[in-house]
Amino acid sequence: MAQQNTLRNLSVSRAMRRQITCLDQKKTIGHGINIIIKYKINALLTVDAAQQPVGVVSKTDIMGAYYAGLPIDSPLEHIMVSPPLFCKAGDSLETALEQMRSNKVYRLYVADDRSGDLIGALAYPDIVGLLYQYCRQCEYSNLNRGSQTHKKDTIDRFKVREIMSSGIKSLSLHETLNGVMEALSAYRFGAMLLTDEDELPRGVISKTDLALAYKRGVSPDATAEKIMSVPVHTCDADSLLEDAIKKMIVEDVHRVFVADSNTNTLTGVLSLSDAARGRSGSCHGCVSSRIKVEDHE
Amino acid sequence: MQTTAASIMTADFPSLRPETPLTEAIRVFRESSRQPGRRLFGIIVTDNDQRLVGMLSMYDILLYVRPKHIQVWGTMEDIDVAGLIDAAGSRLKSIQVGDIMTPDVITVGPQVDVLMVLDIMIKKHVRRLPVVENQRIIGMVYISDLFNHLLERIGD
């Protein structure tokens, strides 16, 4: 399929971010949560006394520590995953994505091709960002059509329903945080929808919410309602993928729940990770449009 | 004659608690900055026993306000920035001082010489140093006070 090739020949260095957030492995989990919340990142790199990378602490690891009842002042080295996984700046994005998929990780750290020095990090949102930029520069982009929107659109554009993860698991507002953590771990989700007695969506609880609860000393036996985030960010299943990505970027969220306007129910989730794993821009003709953009650079 | 941190520190300084809502902390920043002669860039955070647990700086708050995916924005000319700032403001409401403060704070004892205080401020790129005695904070040395003190002595 054409969209499978969108990232071919693009190197990691095109998408990676150069700001890397590190913390000494001896620092506390509480300190690590501070950094993750403040910098709005999903994981931080831990380093030893010589500033050499030794591990990664993600929100999933923090959630595990909360569930296990580890004291918040435990050192990060007790929960970090070691060693951190690296790719090279010159690797293709396709290779890097495959490395992330096969190792079941959401980020890679980037080493300089020659020196091997740490120079960046690559996560799914970075890849989406690059794809979005291509779409934004493309003359066929729906975002660039402007006054031409009255003309018939002949481009085969991706809809949210083609990329989203179907099926939603939800929990009651009254579920305990322990129960929420068990469900997030079992389904490998980043967040869980919370519903009321009438099955109506009322809020979302994410690993970020749980990390904050851990930091603030909230009991894991407290109910999800106490720490959930509101409102539930949604988009329509038939909306254009590029519009949904824009919504996530602008609203500072990692995922939106997908509503089916026919049944008026939530039927799926679209995350920036889904969009990156789709390896596509916003339309089925993305390969040719990307080449056009590159030709003009 | 030796001049110590205690002699140039101020004992009148604002402080916050870790559980203080960030919106309240921002109000304290605003009010303190209205006081004549001082622009406040950081406020210490203490527990109920006046023990230092962290520092909240304007930079900490600005880091949190910065949109998560801003690196993608270079080509998004059609973004409603005004709406985004409002959205950032509403996100702040659920955050407490302890969530984003910097827990590692450099401190000095009251008997530390001012030139040592100067050296620490330069090497560590800090503008304020809490003065701690018996684990409790007793004052703050601001770089502006240090500057004025040293220039007065040089001018004498």
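We did not get these values from a lab; they are worked out from the coordinates using the rules stated. Given the structure is predicted, the values throughout are model-derived calculations rather than measurements. Glycine also receives a Cβ, built like all others from the backbone with ideal geometry; neighbour counts cover every protein chain displayed.
Here is how the numbers come out for the structure above:
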item: Integer Hz, Karplus 6.51/-1.76/1.60 couplings in order for segment A:252-265, x for Gly and Pro; result: 6, 10, 9, 8, 10, 8, 9, 9, 9, 5, 6, 9, 6, 10
item: Neighbour-count order for A:TYR214, A:TYR39, B:TYR59, fewest beta carbons within 10 angstrom listed first; result: B:TYR59, A:TYR39, A:TYR214
item: Segment A:187-262 shape via C-alpha gyration tensor axes, a/c threshold 1.5; result: oblate
item: Rounded FRET efficiency, nearest 0.05, which uses the C-beta distance separating A:VAL81 from B:VAL53 and R0 of 30 Å; result: 0.60
item: Segment B:5-155, relative contact order in percent, only Cα pairs under 8 angstrom and at least six apart counted; result: 33 percent
item: Neighbour net charge for A:ALA111 - beta-carbon separation under 9 angstrom, K R +1, D E -1; result: -2
item: Intensity falloff of the protein assembly as shown expressed as log10 I(q)/I(0), Debye formula with alpha-carbon point scatterers, at q = 0.07, 0.10, 0.13, 0.14 Å⁻¹; result: -0.43, -0.83, -1.25, -1.38
item: Neighbouring partner chain Cβ atoms per residue of B:97-103, average, 10 Å criterion; result: 5
item: Whole-number percent relative contact order across segment A:160-277, with pairs defined as alpha carbons under 8 Å at least 6 apart; result: 31 percent
item: Compactness of segment B:5-155, expressed as Rg and Dmax over alpha-carbon positions, Å; result: 17.9, 57
item: Surrounding net charge for B:MET121, when Lys and Arg each add one and Asp and Glu each subtract one, Cβ distance under 15 Å; result: +1
item: From phi via Karplus (6.51, -1.76, 1.60), per-residue ³J(HN,Hα) for segment B:135-142 in Hz, x at Gly/Pro; result: 6, 10, 7, 10, x, 10, 9, 9
item: Exposure proxy order (Cβ contacts within 10 Å, fewest to most) of B:ASP86, A:ASP209; result: B:ASP86, A:ASP209
item: Proximal charge balance of B:LEU52 [Cβ under 15 Å; K/R count +1, D/E count -1]; result: 0
item: GNM top mover of B:PRO130, B:PRO14, B:PRO67 - chain B, alpha-carbon springs below 10 Å; result: B:PRO67
item: Evaluated over segment A:2-123, the Cα radius of gyration and Dmax, each in Å; result: 15.2, 50
item: Packing-based exposure ordering (other Cβ within 10 Å, fewest first) of B:ILE95, A:ILE127; result: B:ILE95, A:ILE127
